[in-house]
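Coordinate-derived values only; no laboratory data. These figures come from a predicted structure and were not determined experimentally. Cβ placement follows ideal geometry from the backbone for every residue including glycine, while neighbour counts extend to all protein chains displayed.
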Amino acid sequence: MSSQPRPNRGAPPVPVPHAPRQTRSRASLDRLTTAVEQIIAERGVADVTVQDVARRAGLAAGTLYTRFPSKDALLRAFTLAFFGRARRAADAFLADARWRALPPRALVAAIVRVLVKSYRAKRPLLRALHLYVRSHPDADFRAEAATYTSDFVQRLGSLVLKHRGSVAHPAPERAVLLGLLIVDGAVKECILFGDGRPPDLAVSDEELAEALALGYCDLLGFTEDAP
């Protein structure tokens with residue numbers, strides 16, 4: 001799990017647990033994490049209860065309350081831990097040397113496809129967590145959660161800037177950042193929050209990825225990759 005976040009103004013620190021050393025404790029924490037994730041994906045955040053989480057994880061509710069004094073404390077801890085695991089998984093994934101071997105337009109297309117697939121793969125959970133973070137009254141918690149997105153965007157930006165010499169935009173760093181924010185915002189809106197649109201405004205994941213990759217390449221001024 002991630003390290004202890006900084007204290008919140010006017011609220012107790014988010015009690016994100018450290019990874020247990022004992023096998024039994026790690027197994028309990030894994031069951032707890034899985035239970036919270038499943039319930040949020042099924043019902044959303046509002047209908048999560050500590051009792052249901054404990055029952056599904058095979059733990060005593062009293063045990064959970066000793067570590068998380070409230071439902072909100074449990075949800076905050078889970079949210080930060082989930083984003084922390086996602087960041088570490090993304091770091092390991094993007095460390096693959098094959099990313100750096102891709103030509104500019106192919107790299108942009110691959111980045112967009114990864115974003116589309118990752119949002120689609122955990123759509124119910126990510127939708128619920130983003131809504132929970134956005135509406136949370138604790139500004140420090142919202143800022144802590146936002147750092148994970150910021151770090152991921154910066155990591156993707158560094159990959160694209162490996163092709164700085166191919167960027168025709170006069171401000172490469174800003175163009176790379178703006179393009180990523182546009183892509184991430186569009187993917188998030190279409191996949192996580194697009195279910196309220198009428199059918200005639202629906203787009204497939206393939207259409208979305210192709211259009212966003214083309215627009216991002218145009219913004220950066222990437223020309224066609226060599227065959």
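For the chain, take the longest principal axis of its alpha carbons; what is the angle in degrees between that and the long axis of helix 23-43, to the nearest 10 within 0 to 90? For 23-43 against the chain, the angle is about 70 degrees.
Using a Förster distance of 35 Å, how high is the FRET efficiency between Glu207 and Arg174, based on the Cβ-Cβ distance and rounded to 0.05? It comes to 0.80. For the chain, relative contact order (Cα pairs under 8 Å, six or more residues apart, normalised by length) works out to 23 percent. Here Lys162 and Gln51 are evaluated by their C-beta separation; at R0 = 45 Å the FRET efficiency comes out at 0.35.
Computed from Cα positions, the angle between helix 205-220 and the longest principal axis of the chain comes to roughly 60 degrees. Under the criterion of Cα pairs below 8 Å and six or more residues apart, the relative contact order for region 33-104 equals 23 percent. Ordering of 194-205, 34-45 by packing is 34-45, 194-205, highest average first (other Cβ atoms within 10 Å, averaged per residue).
Between Arg142 and Gln38, 0.36 nm times their residue separation minus their Cα-Cα distance comes to what? Walk me through the numbers on the way to the answer.
Numbers: separation 104, 0.36 × 104 = 37.44 nm, distance 2.24 nm.
Going from the current span to full extension adds 35.2 nm.
The long axis of helix 139-160 is offset from the longest Cα principal axis of the chain by roughly 30 degrees.
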